[in-house]
């Protein structure tokens, strides 16, 4: 066992970092797209159904197929990491988009009314009232998306994008359970750690309701 | 005294064509409290909301200090009018001190000034800032929340206050306490107030003038004593119905 670790330990470390990089980059992109899009949808609810529908369809594409589809595209296909990040971004869109939309839509209308009546501008209303009240909801979507992407990122190794999936694929090819576990265990731990950390953040932003008064 | 608030031939019709307010003409003098009384659906809340343009009137005008509200910039107009509603008006993610100073925050005033003003106002509505300033709404009782709501409405020192059933959700004891507090406060601050309620006792206690609305029309606009003695059918009906309610309750207790 210790022999195995001394042989693969360094590689596991590097691949874990690579895995984190792929997921992290995808989450940044997805957040940058889906949060503003979700907010925009709350201003134009008529678009909510079709737009969330598209994100939903993206979600249903099998991951291996998604990587395959993107590979032949110009520019994108030149680097495997690009393919992986774009695919992971696509998967992360739905939970973030849906939760941003629902989080803001779910805010008590009378609070929005009060914000208007107090003379808050549209921007102030958004940053001082809507965003903080929807924050824990949005973070919950981010958490779901991240945990999903940590898992899906293992498939990215199939197109040569690296990450912990590489050890798994190698282990499967050489029928070496130790190698499979060397990829799978850190990936699982990573998912758990991300889940825990974002869960804490989500709780931090949770707004107590008045009904819960003593 | 000049009219601080005036409605001229104000009408509001729903998109489906049902009129909610029908050519209302009213004036409230500076520093006085006008109570708008009426049963549910009489249009009293709608009338109140035309003042800060939460509802845009279909025709007619609302004048605040002689100025048509439609010619005033919306944000400026609203920041210059205090607004208190029944329950749920406080932001659950804000401490009392932040909520009270929110209008000042929106105006970009420095934090130190905001907090000083917040504490001053919490004190004025009977809440010790040392104990309550850092509390969130869920850590306050219904009455305390309503006090914070009132303090918030006073933050920018607006000459005009709109109050929509401010004590509607409170138990009778707290309600009476709040009414007394408000009466003292208003007398001291000399604000012009438009207060909506369906509670006759509250109207008599707080109002300099009482307006009775019925189906979107003004059926009476009188001083409290005159209101009680009015022979006007709609008024005496309202007064009797109100007393009957009290009577029945007393009898049931027997």
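Please find, within segment B:35-68, the residue that is farthest from residue B:155 (Cα to Cα) out of those that are more than 13 Å from every other protein chain (Cβ to nearest Cβ) and touching a helix residue (DSSP H, G or I) at 6+ places or on another chain (Cβ under 6 Å).
Among residues in segment B:35-68 that are more than 13 Å from every other protein chain (Cβ to nearest Cβ) and touching a helix residue (DSSP H, G or I) at 6+ places or on another chain (Cβ under 6 Å), the one farthest from residue B:155 (Cα to Cα) is B:38.
Just the residues that are within 14 Å of chain A (Cβ to nearest Cβ), surrounded by fewer than 19 Cβ atoms within 10 Å (Cβ to Cβ), part of a helix (DSSP H, G or I) and over 20 Å from the mean Cα position of the chain (by Cα), please, taken from segment B:112-152.
Listed by number, the residues that qualify are B:138, B:139.
Have a look at A:106, A:119 and point out the one that is within 30 Å of residue B:81 (Cβ to Cβ), at pLDDT below 95 and in contact with a strand residue (DSSP E or B) (Cβ under 9 Å, 6 or more places away or on another chain).
Working: A:106 fails: in contact with a strand residue (DSSP E or B) (Cβ under 9 Å, 6 or more places away or on another chain).
Residue meeting the stated conditions: A:119.
Quick one: residue B:182 ticks every box in (1) modelled with pLDDT under 90; (2) in a helix (DSSP H, G or I) except a single one, so which number is it?
That leaves (1) as the condition not met.
Which of the residues that make up segment B:46-59 are surrounded by 15 or more Cβ atoms within 10 Å (Cβ to Cβ) and either in contact (Cβ under 8 Å) with a residue 12 or more places away in the chain or part of a helix (DSSP H, G or I) (or both)?
Within segment B:46-59, the first condition is being surrounded by 15 or more Cβ atoms within 10 Å (Cβ to Cβ), and the residues that meet it are B:46-55, B:57-58.
Residues satisfying the conditions are B:46, B:47, B:48, B:49, B:50, B:51, B:52, B:53, B:55, B:57, B:58.
Every residue, every condition in (1) over 14 Å from the mean Cα position of the chain (by Cα); (2) under 27 Å from residue B:178 (Cα atoms); (3) touching a residue at least 12 places away in the same chain (Cβ under 8 Å), yes or no:
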| position | (1), (2), (3) |
| --- | --- |
| B:4 | yes, yes, yes |
| B:18 | yes, no, no |
| B:32 | no, yes, yes |
| B:44 | no, yes, yes |
| B:61 | yes, no, yes |
| B:65 | yes, no, yes |
| B:68 | yes, no, no |
| B:85 | no, yes, yes |
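Just to be sure I understand, how many residues within segment A:110-157 are more than 17 Å from the chain's Cα centre (by Cα) and either surrounded by fewer than 21 Cβ atoms within 10 Å (Cβ to Cβ) or within 13 Å of another protein chain (Cβ to nearest Cβ) (or both)?
The qualifying residues number 25.
Could you say whether any residue in segment B:93-100 is crowded, with 23+ Cβ neighbours inside 10 Å, in a loop (DSSP other than H, G, I, E, B) and touching a residue at least 12 places away in the same chain (Cβ under 8 Å)?
No, every residue in segment B:93-100 fails to be crowded, with 23+ Cβ neighbours inside 10 Å, in a loop (DSSP other than H, G, I, E, B) and touching a residue at least 12 places away in the same chain (Cβ under 8 Å).
Given the options B:82, B:108, name the one that is touching a helix residue (DSSP H, G or I) at 6+ places or on another chain (Cβ under 6 Å), modelled with pLDDT under 95 and within 11 Å of another protein chain (Cβ to nearest Cβ).
B:82
Go through segment B:153-174 and give me each residue that's away from chain A (no Cβ under 11 Å), touching a residue at least 12 places away in the same chain (Cβ under 8 Å) and part of a helix (DSSP H, G or I).
B:154, B:174
The values are calculated or read from the model by the stated rules, or taken from the named source; none is laboratory data. Not measured: the values here are computed from a predicted model. Because the Cβ atoms are built from the backbone with ideal geometry, glycine has one as well, and the counts that use them run over all protein chains shown.
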